[in-house]
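Coordinate-derived values only; no laboratory data. Just so it is clear, the model here is predicted, and its values are computed rather than measured. Cβ placement follows ideal geometry from the backbone for every residue including glycine, while neighbour counts extend to all protein chains displayed.
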């Protein structure tokens, strides 16, 4: 039987309260598929979302934001340039930057863009599924054969490899999420299979992590915070809704209704 | 005790019926965050939304539309050029144009773009929150110090200043909305705090105003119409839904279910 | 009394099961209004959506996709170029391509773009409303006067004309949908007027057709499959929801909850 770490869940609860008190501005350069859900989930957790992706304004926006999230879900040449400008500005100003390398490995453009972003920008957190993180970790120097890019790879190991390569906290989301940082691995066991049945829940996990990064520099705890909140909300929404349209609305409901006590009691996060 | 103006609410109710009879085409050049909600809310009120933002077609689309809404929420160089082309075409053809200067004041690009639009295009209505309208009114000639851009500014006064500068009807939305026109100020007291907890309700207010402008040239009444309808729907949705995902769906429900009688009885609009 | 063809409905039911077993990747280059609904409805039917529209990656994405959907709802010069690249690649690789000529006839750009796409790319299915398909069929050689572009035109006849001109299966959606192919016409009678009261249901019909095309090369049956599923889900959602926000969520619910038996029993498709 897994013993969860109540102290970690309580720390997440405390950060949730801080987000709601501080209402941090989370700047997102993201895709047009899940952008509305990403804005609403940041509002639901207590932050303030702002979307801006023109090269002539992203540096100004980063300057007033508390965190920056880059998501390559529907990247194009214009928005990629804006991502580099915004990311460098956030690095200069010491603000957290979070990367969601959506679909990396599927096309050369995505793989090359994500790698270039990782080379030029220091990310606080990188979050992807096992396939995406494997594509970044496995093909960039180490030789491990095809198992690295498939379901057989161990999420914690793949996350740890990319964490070592980049110095970022690296998150692999799945049935149980793995969060690798310099000193070890955290696991988050909240969640529900329904989360994989609507679009954008990966993106939503990433922006929630961004909201938590805005109020702490313990980025592995911030990652745990985002994942506990989305996972717990997913469990509760799935208990009420069977269809995916209602589940989608219910997921936002449950994030907005979460309180620190819920998280402290039901957050399932532990040190591996 | 505030005495509301039943004649004004009844005029709004009449316009609502006209929208549903005429089904006016409302052309929107807008952001990709709230675009789906903006399309659906125009359908809910009885209009027909159309989104088109390529420079090679916006003038054609304006020619068949009954109103044009420009929203700079996720502006970029391509869509800004389209906004100028579309706005000038609407002015040439005598069709109402409504501006939503989202985030103006936050970046230089937004402020300069909004000001350039105000210089080159004659807007029927400009709608923003107190911060946005202050950024346009306060920094453009008058000198009033920092209070003008904060919460302490009087919405009606700020709206009146920009109305005088531009000749447009100017709306500042907030707990009580202020509508300034050449001859005075209207107030709309419908609404609910939940409206501020989801993304895009400002944008939705603006496109509803656009739908009303399509059926009348009394643009301050049109502004009241959009605000009464969204506010009343917000009150009703908030009475049924506590989470923000359900509230978002419920808001569209209530707009679509509004009838003229609801508006005539529960619209809270008055002349100041 | 119309006798529906049980064999056809049973074939649709079989294809639905195949989609859920194969989970085909449906690549969409589409508009930013309905893109989230289009992603979620593909997930609801059992497929896997992917949106990618940069010219530097669409050919790679088509190479791993099972079907390609092109939708010109918010076309611009960048995405139109991507549509040509992706469409030609799909033709080279023998993958089905489906066109949704949104708003064709409303602007010259839309009409010229849709015609150029039809000239250069071989589409498996083209789906539009009577006005859109008339604009493509009626103005491209035959001379029939204004009746062709209006409500008086016979959907099956207009669809058959464009089918003959292009060699594609052509679908005109409306109260009863018409599907024209080389050998005749199918009709689908599922649906509900509420489907016309939210944005994006035409786009959703098209991507569902795309999901069906991914598992069969009988494209008229695939078209019937997409229309039966959306129509049946619309009927069920309308029985539960009166407001358009709830209906929108309910529509996705009902698509996700459809099973083969529902389709076999309640699908109303017949050969004309």
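Averaging the sequence gap over all C-alpha pairs within less than 8 Å and six or more residues apart, then dividing by the number of residues, gives segment B:63-108 a relative contact order of 55 percent. The value of relative contact order for segment A:160-202, using C-alpha pairs under 8 Å at least six residues apart, is 29 percent. Residues considered: A:197, A:127, A:20. Largest GNM mean-square fluctuation over chain A, using C-alpha springs under 10 Å, is found at A:197.
Size descriptors for segment A:174-256 (Cα atoms only): Rg and Dmax, in that order, 12.8, 41 Å. Counting only other chain Cβ atoms within 10 Å of each residue's Cβ, the peptide C:70-77 averages 4.
Among C:55, B:259, a tally of other beta-carbon atoms within 10 Å of each Cβ gives an order, fewest to most, of B:259, C:55.
Is the shape of segment C:41-80 best called rounded, prolate or oblate, per the rule: a/c under 1.5 gives rounded, else a/b larger than b/c gives prolate, else oblate, with a ≥ b ≥ c the square roots of the Cα gyration tensor eigenvalues? Judged from the Cα gyration tensor, segment C:41-80 comes out oblate (a/c at least 1.5, b/c at or above a/b).
If I stretch the segment between residue B:122 and residue B:108 completely, what's the gain in nm (0.36 nm per residue apart, minus their alpha carbon distance), one decimal? Walk me through the intermediate numbers first.
On the way: separation 14, 0.36 × 14 = 5.04 nm, distance 2.18 nm.
Length gained, residue B:122 through residue B:108: 2.9 nm.
For the peptide C:193-202, the mean number of other protein chain Cβ atoms found within 10 angstrom of a residue's Cβ is 3.
Within 10 Å of each Cβ of C:23-33, how many other protein chain Cβ atoms are there on average?
Numbers: counts 0, 0, 1, 0, 0, 1, 1, 2, 5, 14, 12.
The per-residue average across the peptide is 3.
Take every pair of alpha-carbon atoms less than 8 Å apart whose residues are at least six positions apart; their mean separation over the length of segment B:6-271 yields a relative contact order of 23 percent.
Restricting to bridges with both residues inside the protein assembly as shown, how much of the DSSP beta-bridge set is antiparallel, in percent to the nearest 5?
Values: 33 of 93 bridges.
Roughly 35 percent of the beta bridges in the protein assembly as shown run antiparallel, per DSSP.
Just how far, in whole angstrom, is segment C:1-65 from segment C:213-272 if you go by their alpha carbon centroids? Between the Cα centres of segment C:213-272 and segment C:1-65 lies a distance of 13 Å.
Which of rounded, prolate, oblate describes chain B, given a ≥ b ≥ c as roots of the alpha-carbon gyration tensor eigenvalues and a/c under 1.5 marking rounded, otherwise prolate only if a/b is larger than b/c?
Working: a/c = 1.40, a/b = 1.13, b/c = 1.24.
In terms of gyration-tensor shape, rounded.
The label point for residue A:6 and the one for residue B:63, both projected 7 Å from the Cα toward the Cβ, are 7.3 nm apart. Highest average first, the peptides C:44-51, B:236-243 ordered by how many other beta carbon atoms sit within 10 Å of their residues are C:44-51, B:236-243.
Here is how the number arises for the protein assembly as shown: DSSP H runs of 4 or more residues each give -39500 (n - 2.57), the sum is divided by the residue count, and the result at 222 nm is -16500 deg cm²/dmol. Starting from the label point of residue B:261 at 7 Å along Cα→Cβ, the same points in the other copies fall at 4.4, 4.4 nm, in ascending order. Relative to the 2.2 N^0.38 Å rule of thumb, the protein assembly as shown has a C-alpha radius of gyration ratio of 0.92. How far apart, in nanometres, would the label points at residue C:217 and residue A:20 be if each is projected 7 angstrom from Cα along the Cα-to-Cβ direction? Modelled inter-label distance: 5.9 nm. Of all DSSP-defined beta bridges confined to segment A:6-271, some 35% are antiparallel rather than parallel. Rounded to the nearest angstrom and listed largest first, the equivalent-ellipsoid semi-axes of segment A:209-269 from its Cα gyration tensor are 23, 12, 9.
Based only on other Cβ atoms within 10 Å, what is the fewest-to-most ordering of C:108, A:110, A:119? Before the final figure, lay out the partial values.
Numbers: C:108 12, A:110 25, A:119 9.
Listed from fewest to most nearby Cβ atoms, that is A:119, C:108, A:110.
Taking the Cβ of each residue in A:30, B:113 as the centre, tally the other Cβ atoms inside 10 Å and list the residues starting with the fewest. Can you show the working numbers first?
Details: A:30 30, B:113 23.
Exposure proxy ranking, most exposed first: B:113, A:30.
If the convex hull of the alpha-carbon atoms of segment C:1-55 is projected onto planes in all directions, what is the mean projected area in square nanometres? Intermediate values should be presented prior to the final figure.
Values: hull surface 22.5 nm².
Seen from a random direction, the Cα hull of segment C:1-55 projects 5.6 nm² on average.
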